[in-house]
Amino acid sequence: MTSVAVIEVLDPTGKANLREYPLAPRLTSLEGKVAGFLDNTKPNADLFLERVQELLVAKYRFSRVVYESKLTASGPATGEQIERLSEQCDLIISAWGD
């Protein structure tokens with residue numbers, strides 16, 4: 001009686017579920033817009049965003065600024081934060097630090 005070894009070969013590559021998202025329409029001007037700033041809470045991200053905010057507010061006279069900070073640098077912004085920013089803001093700037 002001859003025994004035959006069977007080897008099952010597995011394909012380790014994953015299949016990505018890619019979705020295409022359209023680009024947001026470009027703003028013709030930043031003047032008087034509501035600007036959102038998302039801080040990822042890494043060291044110095046807040047300092048960088050504060051300075052960028054100062055410069056842009058002075059130049060474009062935003063009507064309002066919305067500032068959000070993620071809970072942790074390694075995690076995503078919460079659904080509530082994303083919803084607030086997307087509903088209230090004409091533009092959103094995110095920053096990383098270190």
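Taking only the C-alpha atoms of the chain, Rg followed by Dmax gives 22.5, 87 Å.
Leaving ligands, DNA and RNA out of it, report the carbon-plus-sulfur percent of the accessible area of the chain at a 1.4 Å probe. Carbon and sulfur together cover 57 percent of it. The H on the amide N of Phe62, modeled in the peptide plane, is under 5 Å from the matching H of Gly32, each at least 5 residues off or on a different chain. Taking amide H positions as modeled 1.01 Å from N, with prolines and chain starts lacking one, the residues under 5 Å from Tyr67 and 5 or more places away or on another chain are Phe37.
Between Lys42 and Gly97, the built amide H atoms are under 5 Å apart, and every one of these is 5 or more places off in sequence or on another chain.
In debye, nearest 20: dipole of segment 44-98 around its Cα centre with unit charges on the Cβ of K, R (+) and D, E (-)?
Roughly 220 debye for segment 44-98.
Based on protein heavy atoms only, segment 1-80 ends up with 84 Å² per residue of surface accessible to a 1.4 Å probe.
Taking 17 Å as the straight-line reach from the Cα of Lys42, the lysines in range (excluding those fewer than 8 positions away in the same chain) are Lys70. Projecting the Cα atoms of Thr2, Pro25, Leu85 onto the charge dipole of the chain, computed from C-beta unit charges around the Cα centre, puts Pro25 farthest toward the positive end. Between segment 3-57 and segment 70-98, the alpha-carbon centres lie 10 Å apart.
The values are calculated or read from the model by the stated rules, or taken from the named source; none is laboratory data. Given the structure is predicted, the values throughout are model-derived calculations rather than measurements. FYI the Cβ positions are ideal-geometry reconstructions off the backbone, even for glycines, and counts take in every protein chain you see. The protein model used for the area step is the full one, side chains on, heavy atoms only, and it has no ligands, DNA or RNA in it. Shrake-Rupley method; radii C 1.70, N 1.55, O 1.52, S 1.80 Å.
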